[in-house]
Amino acid sequence: MNLKQKYALKKWQDLPLGGVILEAGNAADYETGTWRTWKPVTHRENCIQCLACWEYCPEDAIVLENGTGPDGKPRKFVVDVNYYHCKGCGLCVRECPVNKEGVVQALGFVRDEV
Amino acid sequence: MKHVAGKPKILPITGAGAMAQAMRQINPDVVAAFPITPSTQIVEDFSQFVADGKVDTEFVTVESEHSAMSACIGASAAGGRVMTATSSAGMAYMWELLYVAASMRQPVLMSLVNRALTGPINIHCDHSDSMGARDSGWLQIYSENNQEAYDNLVMAARIAEHDDVRLPIMICQDGFIISHSIQTMQIEDDAAVKAFVGAHKPYHPILDTKNPVTWGALDLQDYYIEHKRGQEQGMKNALRVIEEVSVDFAKKFGRKYNLFETYRIEDAEIVMVAIGSAAGEIKEVIDELRTKGEKVGLLKIRSFRPFPYAQIAKALSHAQIITVLDRSASFGAHGPLFVEITTSVYNYCDNRPLLLSHTYGLGGRELSMQMIEHVFAESRICLDKGEVNGRQGMWLNVRGD
Ligand code: SF4
Ligand code: SF4
């Protein structure tokens, strides 16, 4: 079942009372990406993998993947932005320490043509 | 005299004291309340029951009524049976949350002691607090005296928590006139009340951590109105549920109630419609006028929300003039009860009686028997003339009018 079928609009009789949401974590299905006018883009060549963007993102839209650090230990790496959820607030762009140094950008911020 | 277990007690008690007794017997999971005149004794007595270990209730001493209702909603969503008590400005301070409780379908039980809203500041009875909240989605049940207030609160949980209703309820009594007057009344046996009220059935409670749910989420153009439609259905169903619970109450405790009460209206030409303690005096005046051959009667509202339009229209289908007494003003319009009665009569039956609107008793202004007699006499004049012109919308017992 795709999201469209899953969230087909229901009649009032078919709803649980009082707007209670019975499915835990279904906010993940809610597309906030359409709110965006600007979007962050990753430049991995400049990224120092500090994960600050992931920490600050209010939508949990920074996508991580598992990998191995220089010390040989497993850790997470920033790979991409999930544009289904990213609402383009720009927090990640502002908080990125590489961006703050001002020489190069690890996260760019560009006009989004939706 | 020693109380025998299993038997009701006949007690002289104030209306507010009776509400605290009902709360003790209901023994709710949570009470969150902030004391305010004239409902103070309810919270005061109940906190004593908590201190004395007479109830198992978690009593939350909040810093305001806004917090009281917030705590009630949270505790109800968590899965508890929840009660509170307030008056006037206290309920006004809950305003935002009244709507939240109703739209989240949390059956919070409130004991409301009606008091005028400020200003000028006044602590005495009128119905401006609850009438202002008539669109909030709360069930509203009104009481004529201490016994009715107690009985209504005993019935409240069964009505509000019913699967087909699931709406908060306010049981209203007139400030001071009922809340502070000692009347001899019957307090039922603790175990009998407990059995009647029954266990609370939570609905998708937050504390059921194995089945996590979200209450109070944002609801936009795609679903808000569907949820509101469901809320309206709860109100519609409540008409049936109030009747069912009242029938069951009568079976168990012997006192009969309905959506409204009629007094000598079968052959009445003039029917007065009123809410609350005024009904007692009106009945006295009716008995007096009946001895003089005047065909007068009373329709007393018990359930104002939901409003039983069709049932009331049927009861009023032979009246020739209906005189409505409103104890609150809707400035620039007729009183809320008059508007409902007019809607009822003119849409749900073929009778086309004269309708006369009166406002009385604001801020505790007395309604004397003479005044009621005067209103009946005025109604008679209107009926004889066949019109209410010049008398429509009068304020009673106001100097200058
Ligand atoms: S722009 Fe905002 S929402 Fe999008 S990834 Fe950055 S922090 Fe998250
Ligand atoms: S904040 Fe900047 S440097 Fe840190 S992980 Fe995110 S993109 Fe990379």
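The values are calculated or read from the model by the stated rules, or taken from the named source; none is laboratory data. Source: prediction; values computed, not measured. Cβ sites come from the backbone with ideal geometry, for glycine too, and all protein chains shown count toward neighbours. Heavy atoms of the whole protein, side chains included, go into the accessibility calculation; ligands, DNA and RNA do not. Shrake-Rupley method; radii C 1.70, N 1.55, O 1.52, S 1.80 Å.
For chain B, the per residue solvent-accessible surface stands at 41 Å², with DNA, RNA and ligands left out and a 1.4 Å probe. Summed over the residues of chain A and divided among them, the accessible surface reaches 66 Å² per residue at a probe radius of 1.4 Å.
Remark: mean inter-chain Cβ contacts per residue of A:22-33 equal 2, using a 10 Å Cβ-Cβ cutoff to other protein chain atoms.
On the basis of the beta-carbon distance and an R0 of 22 Å, B:Ala377 and B:Arg399 show a calculated FRET efficiency of 0.65. Taking every DSSP beta bridge that has both ends in the protein assembly as shown, the antiparallel portion is near 40%. The spacing between segment B:65-90 and segment B:336-401, judged by their C-alpha centroids, is 37 Å. Fully extending the segment from B:Asp248 to B:Arg264 would add 3.3 nm, taking 0.36 nm per residue of separation and subtracting the current Cα-Cα distance.
Once the partner protein chains are put back, segment B:81-127 shows a loss of at least 10 square angstrom of accessible area, versus the chain by itself, at B:Ser103, B:Arg105 (probe 1.4 Å, ligands and nucleic acids excluded).
Principal-axis analysis of the Cα atoms of chain B puts helix B:146-160 at an angle of about 60° to the longest axis. Kindly flag which residue pairs out of B:Lys252/B:Lys295; B:Lys252/B:Lys292; B:Lys314/B:Lys385 have an alpha-carbon separation exceeding 30 Å in this structure. Pairs exceeding the cut-off: B:Lys252/B:Lys295; B:Lys252/B:Lys292.
Taking a straight Cα-Cα cut-off under 12 Å and skipping sequence neighbours fewer than 8 places away in the same chain, the aspartates and glutamates within cross-link reach of B:Lys54 are B:Asp45, B:Asp190. Using only the alpha-carbon atoms, how far is helix B:65-78 inclined from the longest principal axis of chain B? Give it as 0 to 90 degrees, nearest 10. Long axis of B:65-78 versus the principal axis of chain B: about 60 degrees.
Peptides B:214-226, B:136-148, A:44-56, ordered by how many other C-beta atoms sit within 10 Å of their residues on average, highest first, read B:136-148, A:44-56, B:214-226.
Take every Cα pair under 8 Å whose residues are at least 6 apart in sequence, average their separation, divide by the length of chain B, and the relative contact order is 16 percent. Counting only DSSP H runs of at least 4 residues, each contributing -39500 (n - 2.57), and dividing by the residue count of chain A, the helix-based mean residue ellipticity at 222 nm comes to -3000 deg cm²/dmol. Shielding by partners for peptide B:226-236, expressed as the average number of C-beta atoms from other protein chains within 10 Å of each residue's C-beta, is 4. How many angstrom separate the Cα center of segment A:67-114 from the Cα center of segment A:2-63? Computed from Cα coordinates, the inter-centre distance equals 17 Å. Have a look at the DSSP beta bridges in segment B:176-311 and tell me what percent are antiparallel, nearest 5. So the antiparallel bridges in segment B:176-311 amount to around 40 percent. Each label point was placed 7 Å from the Cα along the Cα-to-Cβ direction; for A:Leu9 and A:Glu45 their separation is 4.8 nm. When the alpha-carbon atoms of chain A are used, the pair Rg, Dmax equals 17.9, 58 angstrom. Applying 1/(1 + (r/R0)^6) with r as the Cβ-Cβ distance of B:Lys210 and A:Lys73 and R0 = 51 angstrom yields a FRET efficiency of 0.90. Quick check on segment B:260-395: take the gyration tensor over C-alpha atoms, sort the square-rooted eigenvalues as a ≥ b ≥ c, and tell me if it's rounded (a/c under 1.5), prolate or oblate. Here segment B:260-395 falls in the rounded category.
Between 0 and 90 degrees, rounded to the nearest ten: what's the tilt of helix B:336-348 against the longest Cα principal axis of chain B? The angle comes out near 70 degrees. Note on chain B: helix-only mean residue ellipticity at 222 nm, from DSSP H runs of 4+ residues weighted -39500 (n - 2.57) and normalised by residue number, equals -12500 deg cm²/dmol.
Taking chain A as a whole, the Cys residues whose C-beta sits 4.7 Å or farther from every other Cys C-beta are A:Cys47, A:Cys50, A:Cys57, A:Cys86, A:Cys89, A:Cys96.
Modelled spin-label separation between B:Asp52 and A:Leu22, with each label point placed 7 Å from Cα along the Cα-to-Cβ direction: 4.5 nm. Chain A packed on chain B takes about 1500 Å² of accessible surface away from a 1.4 Å probe, both sides summed.
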